[in-house]
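Here is the structure we will look at, set down as C-alpha cells.
Every number here is computed from the coordinates shown, using simple stated rules; none is lab data. Quick caveat, the model's predicted, so the values are computed rather than measured. Using ideal geometry, Cβ is built from the backbone for each residue, glycine included, and neighbour counts are taken over all protein chains shown.
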There are 2 protein chains.
Amino acid sequence: MTADAPALRKIVIVGVGLIGASFALAQRAAGQTATIVGVGRGRANLDDALNASVIDRAVLLESDWAAETADADLVLLAAPVAQFTGLLVAMAGRLGAHTIVTDAGSTKQDVVAAARAHLGAALPRFVPGHPIAGTEHTGAKAGFAALFQGRNVVLTPLPETVPTAVERVAELWRACGAQVRELDPAVHDRIFAAVSHLPHVLAFALVEALAMRPDAEDIFRYAASGFRDFTRIAAGSPEMWRDIALANRAALLAELTAYRAQLDRVAAMIEAGDVGALEAVLARASAARRAWGARHAAPTSVPADGPRESQT
Amino acid sequence: MTADAPALRKIVIVGVGLIGASFALAQRAAGQTATIVGVGRGRANLDDALNASVIDRAVLLESDWAAETADADLVLLAAPVAQFTGLLVAMAGRLGAHTIVTDAGSTKQDVVAAARAHLGAALPRFVPGHPIAGTEHTGAKAGFAALFQGRNVVLTPLPETVPTAVERVAELWRACGAQVRELDPAVHDRIFAAVSHLPHVLAFALVEALAMRPDAEDIFRYAASGFRDFTRIAAGSPEMWRDIALANRAALLAELTAYRAQLDRVAAMIEAGDVGALEAVLARASAARRAWGARHAAPTSVPADGPRESQT
C-alpha cells in the first residue's frame with residue numbers, strides 16, 4: 001500500500017475457495033490488519049476457513065450477506081463467474097458510498113456487462129480483475145499465501161472507473177506479490193481464449209475421447225509423462241471450465257475455428273508426406289516454445305510436491 | 001540377467017543420444033561388464049560419451065562400423081528411426097551368428113517392415129523394442145542411468161522371433177529398472193498414436209499457430225503454467241517428431257480424424273450453449289484424468305530441476 005492510502009478496516013470476500021482464501025492469506029502475510037469477512041455457499045468450507053484463520057467472520061450466502069458490504073472498504077468477488085449476476089444484484093444499493101468492488105473472474109467482458117447492468121451508481125468503483133494463478137485444487141483449505149507471488153494480475157478498468165479505485169486494487173495485488181497489468185476487457189478475453197481456454201478445451205476433449213473408447217484401459221496404461229503434462233489441465237473443475245467456455249464463447253469459438261484449420265493444414269502435410277513443410281511447422285513451434293520457456297521460468301514459490309499452478 | 005544366461009562380452013549401441021547413453025549408463029550401474037562400443041554420426045558427441053565413460057570405444061558411422069557387429073552379443077539401434085533402413089542394410093550379412101539386435105524406435109510397424117526386408121537370416125534374432133522414456137534434452141551428455149526406472153519398455157516380437165532373444169532383451173531392460181510388456185506392432189502403433197503422437201502434434205500445432213500471429217508477443221506474455229505444461233512437449237526435436245509422424249502416418253491420421261470430430265462436437269456444444277452436454281464431457285474427462293493420475297504417480301527418480309520425462 002502507498003504510504004498515504006488509509007488502512008482498510010473491512011474486506012468482504014465472496015467465495016472463499018482457492019483464490020479467495022489465498023488472497024486473504026497473502027493479505028495477512030503482507031501485514032493487512034482489516035477484518036476479513038468470508039461469504040460462501042457451504043458451512044463446511046467456511047468453517048475450514050475460520051479454523052485456518054483465513055477469515056475472521058463467516059456469513060452464509062443464503063443469509064443477508066449483502067448487508068456486510070455497507071461498511072466494507074473492499075469486496076472481492078471470487079465465486080464462480082456464473083454466480084456474479086446474482087451477487088451484483090444483491091449488492092446493488094447496499095454498497096457503502098466508498099466501497100470498492102473487484103473480482104477474480106477468468107473472463108472479463110461478461111463480468112463488465114453484468115456490472116454495468118446491475119451496479120448502478122457504484123459502477124465507477126468496480127475494478128474488474130483476473131489473477132492469473134490457481135492450482136487444480138479447490139476450497140479454502142487449498143489456499144496458500146504465496147499463490148500470487150510473481151504471477152500476473154490483469155485489471156480491465158472501464159472508462160468510468162475511478163483511477164484511485166484501480167490503484168487501490170492494484171496495490172492490494174502487489175502486496176500479494178503479483179505484477180499488475182491493465183488490458184481492455186475484449187483484448188483480455190481474446191488473449192485468454194488463446195493461451196488458456198483453448199488449451200483447456202483441447203485437453204478435456206482429448207481425455208474424454210480416449211476415456212470413452214473401448215480400448216481406454218490399454219491406452220491409458222501406456223500413457224507417460226508427455227501425456228501427463230499435456231492433460232494435467234483436464235483434471236480441472238468441470239463446473240468452472242463449463243462456465244468459462246460459455247462466458248467467453250465468442251472468443252473461444254474463434255480460437256477453435258482457427259485451431260481446427262491449423263490441424264487440417266498439419267494433417268494434410270502428414271497425409272502428403274510433406275517432410276519439409278511438416279518439419280518447418282514443428283521447428284517454428286519448438287523454437288517458439290523454447291524461447292518462451294527461457295523467458296518465463298517455472299514458478300519456484302510452490303514446493304515441488306505441493307499444488308501446481310493452473311492458469312485460468 | 002537370469003543366473004544361467006552367459007555374461008555379455010560386447011554391446012554395440014548405434015546412436016549414443018539420450019536413450020543410447022542412458023541404456024549404457026543403466027547397464028553399467030546394474031553391473032554390466034561387457035565392452036560397450038558407441039557408433040555415431042558426430043565426433044563431438046562420441047567424445048562426450050567417451051569422456052563420461054558412457055562407452056568404451058567410439059566408431060564413426062562413416063567408417064565400416066558394421067564390422068563391429070560380427071562379434072557383438074547385442075546391437076541396440078538407438079538412432080533416429082529414419083536412419084534404420086540404412087543401418088539394417090549395412091549390418092545384414094555382417095552380424096555374428098548369435099548376435100541379438102534390438103531397437104529403441106518410437107514406431108514399430110515400419111521398423112518391423114524394414115527388418116523383414118533387410119535382415120535376412122538374422123531376422124529371428126531381431127527384437128523390436130520401444131522404451132517409453134525420454135526427456136526434452138538430446139545427446140550423450142543428457143543421458144542418465146535412472147532414465148528407465150519404473151518406465152515401461154514395450155517389445156513387439158515377430159512370430160519368428162526366437163524366444164530366448166526376447167527374454168535376453170527383456171532381462172537387459174529389467175536390469176535398467178524398466179517394466180517390460182509385449183504388444184503386437186500394429187497395436188503398439190495405434191496406442192502410441194493416441195497417447196503420444198497425437199498430443200505432440202496438437203501441442204506443436206497450437207504453439208506454431210500462436211507464434212505466427214501478429215499478436216504473438218502479447219499472447220505469450222500472458223501464458224502461464226497451464227500453457228507451460230500443455231505445450232512442454234512442443235519443445236521437442238522437430239526432426240524426431242517429423243520422423244515419428246510420418247513413420248506412424250496411418251495410425252496418426254486416424255487419430256487426428258477422430259480428434260477433429262471430437263472438437264467439432266465440443267465446439268457445437270459451446271456454440272449452442274448446451275450447458276449439460278458440455279459439463280458432461282468435461283466431467284468425464286476430469287474424472288478419467290484424476291483416476292489416471294492416481295494410478296500413475298509422477299516419476300520420482302529424476303530431481304525436480306533435472307530432466308523431465310517426455311514420452312515418445
Query raised in the report: When DSSP beta bridges are limited to those with both residues in the range B:10-183, what percentage is antiparallel, rounded to the nearest 5?
Result: 10
Report summary line: Once normalised by the length of the range A:10-183, the mean sequence separation of its alpha carbon contacts under 8 Å that are 6 or more apart gives a contact order in percent of 25
Report task. Compute the relative contact order of the range B:188-295 as a whole-number percentage, counting only Cα pairs closer than 8 Å that sit 6 or more residues apart in sequence. Result -> 34
Query raised in the report: Hey, what do the phi angles of the range B:87-103 turn into as Karplus ³J(HN,Hα) couplings, whole Hz, using 6.51/-1.76/1.60 and θ = phi - 60°, x for Gly and Pro?
Result: 5, 5, 4, 5, 6, 4, x, 9, 5, x, 5, 10, 5, 9, 10, 9, 9
Report task. Could you list which residues have their amide H under 5 Å from that of residue B:100, counting only those 5 or more apart in sequence or on another chain, with H placed in the peptide plane? Result -> B:74, B:75
Query raised in the report: Inter-copy label distances at residue B:7, 7 Å along the Cα→beta-carbon direction, one decimal in nm, shortest first?
Result: 7.6
Report task. Work out, in µm²/s and without decimals, the Stokes-Einstein translational diffusion coefficient of chain A at 4 °C, 1.567 mPa s, Rh from Kirkwood over C-alpha pairs. Result -> 62
Requested in this report: Give me the distance in nm between label points sitting 7 Å out from Cα along the Cα-to-Cβ direction at residue B:30 and residue A:116, one decimal.
Outcome: 6.6
Query raised in the report: By how many degrees, 0 to 90 and rounded to 10, does the Cα axis of helix A:249-272 deviate from the longest principal axis of chain A?
Result: 20
Query raised in the report: Pick from B:225, B:53, B:22: which residue has the top mean-square fluctuation in a GNM of chain B where Cα pairs under 10 Å get a spring?
Result: B:225
Query raised in the report: For residue A:43 and residue A:212, what does the FRET efficiency come to when R0 = 60 Å and r is the distance between their Cβ atoms, rounded to the nearest 0.05?
Result: 0.95
Query raised in the report: Any idea what angle helix A:163-175 forms with the longest principal axis of chain A, computed on alpha-carbon atoms, 0 to 90 degrees, nearest 10?
Result: 70
Query - Helix B:238-247 vs. chain B, principal-axis angle (Cα, 0 to 90°, nearest 10) - result: 90
Query raised in the report: Shortest first, in nm, what separates the label point of residue B:182 from those of the same position in the other copies (7 Å along Cα→Cβ)?
Result: 6.9
Report task. Run the numbers on chain A and let me know its relative contact order in percent, using alpha-carbon pairs under 8 Å that are six or more apart. Result -> 18
Query - Gaussian network model of chain A, Cα within-10 Å springs - most flexible of A:238, A:80, A:157 - result: A:238
Query raised in the report: Considering every pair of different Cα atoms, what Kirkwood radius, in Å, is found for the range A:94-201?
Result: 14.6
Query - Virtual spin-label span in nm between residue B:291 and residue A:264, 7 Å along Cα→Cβ - result: 3.5
Query - Shortest-first nm distances, residue A:253 label point to equivalent points in other copies (7 Å, Cα→Cβ) - result: 3.2
Report task. Would you kindly state the longest site-free stretch of chain A, with sites defined as GluC sites (Glu not before Pro) in a DSSP loop (not H, G, I, E, B) surrounded by at most 14 other Cβ atoms within 10 Å? Result -> A:161-312
Query - Percent of C-alpha pairs per 20 Å bin, the protein assembly as shown, short to long - result: 19, 45, 25, 10, 1
Report summary line: Ranked by GNM mean-square fluctuation in chain A (Cα springs under 10 Å), the top entry among A:100, A:191, A:270 is A:270
Query raised in the report: When the helix-only estimate is applied to chain B (DSSP H runs of n ≥ 4, each -39,500 (n - 2.57), divided by the residue count), what is the mean residue ellipticity at 222 nm, nearest 500 deg cm²/dmol?
Result: -14000 deg cm²/dmol
Requested in this report: Out of all DSSP beta bridges with both ends in the protein assembly as shown, state the antiparallel percent to the nearest 5.
Outcome: 15
